[in-house]
1. Between region 271-338 and region 127-189, what's the alpha-carbon centroid distance in Å?
2. Can you tell me which aspartates and glutamates have their Cα less than 16 Å from the Cα of Lys155? Leave out same-chain residues fewer than eight positions away.
3. Please report the orientation-averaged projected area of region 184-286, defined via the convex hull of its C-alpha atoms, in nm².
4. Viscosity 1.567 mPa s, temperature 4 °C: what is the translational diffusion coefficient of region 3-97 from Stokes-Einstein with a Kirkwood Rh over Cα pairs, rounded to a whole number of µm²/s?
5. Near Lys140, which aspartates and glutamates are there with a Cα under 16 Å away, not counting those fewer than 8 places off in the same chain?
6. What percent do you get for the relative contact order of region 122-200 when only Cα pairs under 8 Å and 6+ apart count?
7. In degrees, nearest 10, range 0 to 90: what is the angle between the Cα axis of helix 138-156 and the longest Cα principal axis of the chain?
8. For the chain, which longest stretch is free of loop sites, where a loop site is one of the GluC sites (Glu not before Pro) that DSSP puts outside H, G, I, E and B and that has at most 13 other Cβ atoms within 10 Å?
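Rule-based calculations on the coordinates, nothing more; no lab input. Since we're looking at a predicted model, the values are computed, not measured. Note that we place each Cβ from the backbone using ideal geometry, even for glycine, and neighbour counts take in every protein chain shown.
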Amino acid sequence: MTALDRYVRLESDGLWRPAPDQQRRQVTISFGDATLVIADGAARPLAHWSLPAVIRLNPDERPAIYAPDQEASEALEIADEIMIDAIEEVRKSLAKSRPQPGKLRHWITAGIVAATLALAVFWLPGALMRQTLAVVPNAKRVEIGAIILAHVQTKTGAVCRDTTAQAAAGTLATRVFGAGTPLNIVVVPKLDQGALAMPGGLIILDAGLLQAADDPVAVAGFVLASHVALGNHDSLEPVLRQAGLATTFGLLTTGDIPRDVLQRHTEAVLDQPAPQADPADLRRAFAAANLPQRPYQVLADARSGTMPDLGRDTLDGQPSPPVMTDSAWISLQNICNR
């Protein structure tokens, strides 16, 4: 039951002024359908006031004086305490049930703000990342890779250089990724991760891995796994994800990325295990490169104590093109000893 329902039969006397320039007259007051009914002594309605619009002209005073609107075009004086309390309760009850424009605006504004924040948090970073990666030229990527490699060498030792061995590294890249590959393999004295793919088309290889391998196919597997570990992502993407939105925006607008950002990224990469390739993706990559899985698995097991489970090797026992000549392999194995 609503407040209006409780007072539907309540009546009282009052003094009603139809207009500011007219005399007051005795009337009977009762409740209608969300209205205050003003009637004469014969119960003939003289006026209907909308209860939600009724205004009290003298709050907290008795007798109470009401008006139907802000202009106070009419006035009604009521002395009956019960009727006054009833009118106040009904007005408050009806006011609560009305739509609140201010609250509606508040919720609309809050919704817009929330949507904007969601857009900024969930959509903008991804869109900005995609746009930046799409426009960074290859020359800039090579420059970023060179800066990262310089930071890597402070931890791993200088890149090992030998003309014959570097040619063998090029042969390895071609055998794994195909002729014309932009990827460049460099060897450092000590890299705990074995092999890491870096921006600028760099794959950094551990000299110890070369020494531990009995077959260049095993090393080719590590090179392949480091690249596949990127998934379908750009090799520059991990750098920007760690650096954040401001750095990504800076690279997009100025074409530059702070060296200290690249240094922090390098340190973070070298302080954690190598990213792991998805086994199914890696298995398909081995098949596409026409490389058997087993030599890679054996070498990975020897280094970490865990043999990667790549499922059935479709090339097991099948002939495959050699990775490189024996002389090239010996040169590559000894690249850091020259």
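1. Rounded to whole Å, the Cα centres lie 19 Å apart.
2. Cross-link targets: Asp192, Asp206, Asp260, Glu267, Asp271.
3. Values: hull surface 28.3 nm².
The directionally averaged projection comes out at 7.1 nm².
4. Values: Rh = 13.1 Å.
D, rounded to a whole number, is 99 µm²/s.
5. Counting by Cα, and skipping residues close in sequence, Lys140 has these aspartates and glutamates nearby: Asp234, Glu237, Asp256.
6. Working: 45 pairs, mean separation 33.2, N = 79.
Across region 122-200, relative contact order equals 42 percent.
7. 70
8. Details: sites that count: Glu61, Glu71.
My reading of the result: 72-338 is the longest stretch.
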